[in-house]
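Throughout, read-outs are computed from the coordinates displayed, never taken from laboratory work. Values in this document were obtained by computation on a predicted structure and should not be read as measured data. Cβ placement follows ideal geometry from the backbone for every residue including glycine, while neighbour counts extend to all protein chains displayed.
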Amino acid sequence: MSNQSVDPYQHLGFLRNRDGTVTRLNDGVPRTEASSDPSLPIPVLTKDLTMNQRNNTWLRLFLPRIALSSPNKLPLIIFFHGSGFVVMSAATSMFHDFCVQMANITEAVVASVDYRLAPEHRLPAAYDDGVEALRWIRRSDEEWLTQYVDYSKCYLMGNSAGATLAYHAGLRATEEVNDLEPLKIQGLILRQPFFGGTQRSESELRLENNPVIPLCVTDLMWELALPIGADRDHEYCNPWSGNGVQKFDKLKELGWRVLVSGNGEDLLVDREIELAQLMEEKGVQVVKDFVEDGSHGVEIFYPSKANKFIALVKDFIYMIDA
């Protein structure tokens with residue numbers, strides 16, 4: 001039985017207006033400014049760069065200090081933050097801190113993309129921004145990219161809705177591989193990807209009152225993010241809709257590897273497991289990381305959990321193909 005005491009609008013920091021629009025309340029979520037001063041005692045330097053001025057999209061680069069002295073260029077992780085396509089940004093402190101950890105531990109340059117949010121900009125706006133980020137990075141003359149990045153070792157990564165964004169941007173990118181050169185995507189890193197459907201999964205029913213992300217909140221996120229009038233079986237939400245699955249053959253052909261990671265106490269887990277299994281059946285190289293404990297976003301809220309997951313990401317990135 002659904003927990004009626006949870007107001008999904010309040011949970012997200014929204015005020016619902018009579019005309020159906022929403023007003024964003026000042027939620028006080030901490031933000032962190034970028035810092036590129038090499039004299040500061042920090043392990044990772046950061047810098048914000050405008051991507052599309054008209055759309056007010058930008059990205060934050062995370063440069064591990066080792067890049068300044070390493071004779072080798074570093075892999076590139078293009079990261080998309082979570083929060084249901086509707087809240088937070090690349091500057092939100094918890095995502096900033098996670099990317100600092102990731103750049104430092106994996107010894108990779110991280111580009112965290114600040115994409116447009118719904119409901120002001122409904123899908124596919126965020127997916128469009130994800131692909132635009134690839135094109136922008138490919139042609140950018142930013143020295144942190146040209147000087148320190150090995151363009152042949154690029155990974156698309158996200159957590160929650162950010163993982164869904166990485167998934168869709170990745171599928172689109174399979175159709176313009178040549179146009180993206182010298183940027184060469186090697187794989188996708190999908191941490192607790194956010195998918196849905198009109199038919200409830202077992203984990204959604206079992207964990208519908210999960211305090212971190214109740215089912216009524218995920219329903220509202222999709223309601224605000226999807227095109228007006230679309231339900232959760234739309235291809236932007238349900239990977240079994242549309243022609244996305246047909247593109248798995250292209251993933252296999254390109255030799256991309258996919259890391260799918262989830263937790264047993266996250267109501268999204270069943271759909272994640274199904275997606276990983278389907279990719280495997282289609283011949284895609286999949287690394288599965290599913291553990292029994294842990295709810296949604298544990299790697300964001302608990303640094304020790306983050307360290308463990310990031311170590312797995314590092315192994316995945318530096319894995320030598322047989």
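Overview of results
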| read-out | value |
| --- | --- |
| Peptides ranked, highest mean first, by Cβ atoms within 10 Å: ranges 111-118, 158-165 | 158-165, 111-118 |
| Between the range 89-123 and the range 14-57, the Cα center-to-center distance that results, in Å | 9 Å |
| Cα-based equivalent ellipsoid of the range 240-322: semi-axis lengths in Å, sorted from largest, via gyration tensor | 24, 18, 9 |
| Folded to 0 to 90 degrees: helix 215-225 orientation relative to the chain principal axis, Cα | 70 degrees |
| Highest to lowest packing among 32-41, 61-70, 182-191, scored as the average C-beta count within 10 Å | 182-191, 61-70, 32-41 |
| Degrees, to the nearest 10: 93-106 long Cα axis against longest axis of the chain | 40 degrees |
| Descending semi-axes in Å of the chain, equivalent ellipsoid built from Cα gyration tensor | 29, 23, 19 |
| Pairwise label distance in nanometres, Arg135 with Val212, each label 7 Å out on the Cα-Cβ vector | 3.6 nm |
| Over the range 132-211, equivalent-ellipsoid semi-axes from the Cα gyration tensor in Å | 33, 13, 9 |
| Nearest-20 debye value, the range 8-317 charge dipole, Cβ charges on Lys, Arg, Asp, Glu | 480 debye |
| Extension gain from Phe301 to Ala34, taking 0.36 nm per residue of separation minus the Cα-Cα distance | 94.1 nm |
